[in-house]
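Below is one structure; the comments refer to it alone.
The values are calculated or read from the model by the stated rules, or taken from the named source; none is laboratory data. Keep in mind that what you see is a predicted model, and the values were worked out from it rather than measured. FYI the Cβ positions are ideal-geometry reconstructions off the backbone, even for glycines, and counts take in every protein chain you see. Accessible surface areas use protein heavy atoms only, side chains included; no ligands, DNA or RNA. Shrake-Rupley method; radii C 1.70, N 1.55, O 1.52, S 1.80 Å.
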Amino acid sequence: MYASREDIGYDFGDDSKVGSKPIKPNPNIDGGWAWMIVLSSFLVHILIMGSQMALGILNMEWLEEFNQSRGLTAWVSSLSMGITLIVGPFIGLFITMCGCRKTAIIGGILNALGWILSAYASNVHYLFLTFGVTAGVGSGMVYLPAVVMVGQYFQKRRALAQGLSTTGTGFGAFLMTALLKYLCREFGWRNAMFIQGAISLNLCVCGALMRPLSHKDVNEKYVVRRNSENNQAKALSHSAETLKSNGVISEETDKKEEATNEEVLDSVKHIETEGKSRSGKSMYGLLVLKTASQLTVTVRKGFGIWYSSYFGAASLFTNRVFVAFVIWALFAYSSFVIPFIHLPEIVKQYNLSSQNNIFPLTSIIAIVHIFGKVILGIISDLPCISTWNVFLMANVTLVTCILTLPLMQTYISLAVICALIGFSSGYFSLMPVVTEDLVGTKHLANAYGIIICANGVSALLGPPFAGWIYDITHKYDFSFYICGLLYLVGILFLFIQPYIGKKQPQEKSTEEEQV
């Protein structure tokens with residue numbers, strides 16, 4: 001039902017030489033160090049996404065400290081969560097230039113700095129800058145590399161690996177909520193944020209574990225797929241052929257740029273050779289010039305790849321299936337967040353507070369969400385199951401639950417619906433897998449950056465939009481209905497994509513599983 005990477009034609013270049021030679025598979029792909037990458041990503045989800053889901057504890061402290069309106073104070077948490085996702089496309093530029101490891105380490109330092117500076121906040125607007133922007137950007141610089149690295153290290157078990165790593169969000173929600181409650185009670189919220197900043201420095205350790213694969217190792221994952229692509233070249237649609245031609249143009253341009261860059265470096269080396277007879281001061285100047293030239297080449301090449309991915313001839317947006325995926329992402333995330341916001345009020349409205357205090361409905365969503373990610377990942381990795389179909393069915397189940405939740409008026413019925421919401425929302429672990437299937441590993445960082453950016457817009461604007469609906473209608477039901485219908489529109493874009501992308505999806509083949 002969706003166009004695969006071969007249909008889009010993003011793996012540029014002639015791979016016939018690669019496929020003609022027997023290649024020994026890298027033991028770190030689907031095993032070995034790959035599981036350390038999963039552990040690193042798991043810890044990142046605990047420290048970043050788990051902490052953000054526990055910000056309600058700090059939000060109460062800020063309300064009491066600064067005596068501002070609930071709406072203004074809530075923007076601190078919304079900014080942090082939204083910016084973490086919205087900066088995705090720009091973090092893709094950093095990954096292209098510096099790699100995932102360096103980007104994550106810098107992001108860990110920036111995130112910790114945001115927490116520590118927030119401990120000295122004198123007003124809410126100060127928190128907008130330190131916690132909302134600084135910590136938010138730092139979180140984004142760690143979160144995207146954590147997802148991309150899992151996609152690079154896994155082929156057969158991608159869905160399971162992503163599912164295991166993203167369960168850190170659920171575990172983190174419980175751990176960080178308990179930790180922040182304890183720290184605020186024992187030391188006050190300012191010291192709690194300072195201590196949390198120190199804990200966040202462990203993100204640098206997680207970044208250090210993100211050992212990059214060589215280009216040869218990445219290419220090994222898709223040798224068999226490329227060979228099958230050559231056998232099916234006649235079946236490619238006109239749009240795919242056009243994109244492939246664009247890819248050739250892009251490749252030729254890259255070669256020209258590389259040639260120019262090599263000339264620059266050669267000239268610098270030539271000058272350095274002639275300067276050996278000069279004084280030490282001159283040699284130091286030449287060394288600085290060489291370093292600056294190499295840095296310029298790296299930045300120029302990285303920016304060129306990043307720019308072409310968004311605006312060039314081989315832009316990701318020329319893939320109409322990917323565009324439909326982005327439109328879906330604009331409506332999806334808010335429908336998952338809104339139940340967490342309005343469920344307590346619905347419980348109060350139906351006089352179910354006593355039962356909800358024993359076992360909160362939001363806790364049911366969080367617990368089942370963990371199992372949903374793992375189970376959906378295992379199902380998607382089965383050879384006879386299409387990841388895309390699992391992804392669509394989970395979305396249909398979730399939107400159905402969102403639309404029917406306001407109709408439930410007993411605790412048992414609400415608990416069942418919340419369990420289904422938690423399980424079906426486990427499709428979040430499949431998003432990187434589906435994105436990689438659409439654009440390939442080479443463009444995963446930039447493509448997934450766009451997807452989480454769209455999710456960030458949804459997370460940033462969804463809750464205020466739901467509150468605005470309540471202010472007009474004075475009913476929470478309409479928040480679920482309207483946001484659910486918008487979410488349904490996004491899902492429809494995914495269902496009609498076979499008609500806007502002519503090529504049908506390629507099912508998992510036996511040859512592909514043997515890579």
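Points to keep in mind about this one:
- Filter result for the condition that a residue is at pLDDT 80 or above, small (G, A, S) and open to solvent by less than 10 Å² (accessible area, probe 1.4 Å), over A466, A419, A415, A454: A454
- Where a residue in the stretch 370-381 is touching a residue at least 40 places away in the same chain (Cβ under 8 Å) and within 17 Å of I46 (Cβ to Cβ) and its partner, wherever it lies, is buried (at least 24 other Cβ atoms within 10 Å of the Cβ) and not acidic (D, E), with Cβ under 7 Å and at least six apart: I370/G170; K373/G163; K373/T166; K373/G426; K373/S429; V374/G163
- Qualifying residue in the stretch 168-188 (condition: small (G, A, S), in a helix (DSSP H, G or I) and open to solvent by 40 Å² or more (accessible area, probe 1.4 Å)): yes
- Subset of the stretch 86-99 that is open to solvent by less than 10 Å² (accessible area, probe 1.4 Å) and not β-branched (V, I, T) - its residue that is nearest to K442 (Cα to Cα): G92
- The stretch 430-455, residues that are charged (D, E, K, R) and assigned to a helix (DSSP H, G or I): E436, D437
- Among residues of the stretch 195-206 that are of a type outside the set (A, V, I, L, M, F, W, C), those with a beta-carbon under 8 Å from a residue that is outside any helix (DSSP H, G or I) at least six positions away or on a different chain give the pairs G197/A119.
- M393 vs. criteria under 23 Å from the mean Cα position of the chain (by Cα) and either outside the structural domain of L486 (by the TED database) or without any contact (Cβ under 8 Å) to a residue 12 or more places away in the chain (or both): yes
- Restricting attention to the stretch 66-85, the residues that are among the polar types (S, T, N, Q) and open to solvent by 50 Å² or more (accessible area, probe 1.4 Å) total 3.
- Conditions (1) in contact (Cβ under 8 Å) with a residue 12 or more places away in the chain; (2) open to solvent by less than 60 Å² (accessible area, probe 1.4 Å); (3) closer than 23 Å to S122 by Cβ: number failed by N191: (2)
- Tabulated pairs, the stretch 322-344, first of a type in the set (A, V, I, L, M) and modelled with pLDDT of 70 or more, second open to solvent by 10 Å² or more (accessible area, probe 1.4 Å) and outside any helix (DSSP H, G or I), C-beta under 8 angstrom, 6+ apart or interchain: A324/I496
- Evaluation of Y143 against (1) within 21 Å of S51 (Cβ to Cβ); (2) surrounded by fewer than 24 Cβ atoms within 10 Å (Cβ to Cβ) (one fails), failing number: (2)
- Contact map, the stretch 136-162: residues that are of a type in the set (K, R) paired with residues that are open to solvent by 10 Å² or more (accessible area, probe 1.4 Å), Cβ distance under 6 Å, separation 6+ or inter-chain. Pairs shown: K156/D30; R157/D30; R157/D381.
- Of the numbered criteria (1) of a type in the set (S, T, Y); (2) assigned to a helix (DSSP H, G or I); (3) modelled with pLDDT under 85, the one Y427 fails is (3).
Residues checked against (1) modelled with pLDDT under 85; (2) within 21 Å of the chain's Cα centre (by Cα); (3) open to solvent by less than 60 Å² (accessible area, probe 1.4 Å):
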{"position": "I346", "(1), (2), (3)": "yes, no, yes"}
{"position": "Q349", "(1), (2), (3)": "yes, no, no"}
{"position": "Q355", "(1), (2), (3)": "yes, no, no"}
{"position": "A366", "(1), (2), (3)": "yes, yes, yes"}
{"position": "F371", "(1), (2), (3)": "no, yes, no"}
{"position": "D381", "(1), (2), (3)": "yes, yes, yes"}
{"position": "N389", "(1), (2), (3)": "no, yes, no"}
{"position": "I402", "(1), (2), (3)": "no, no, yes"}
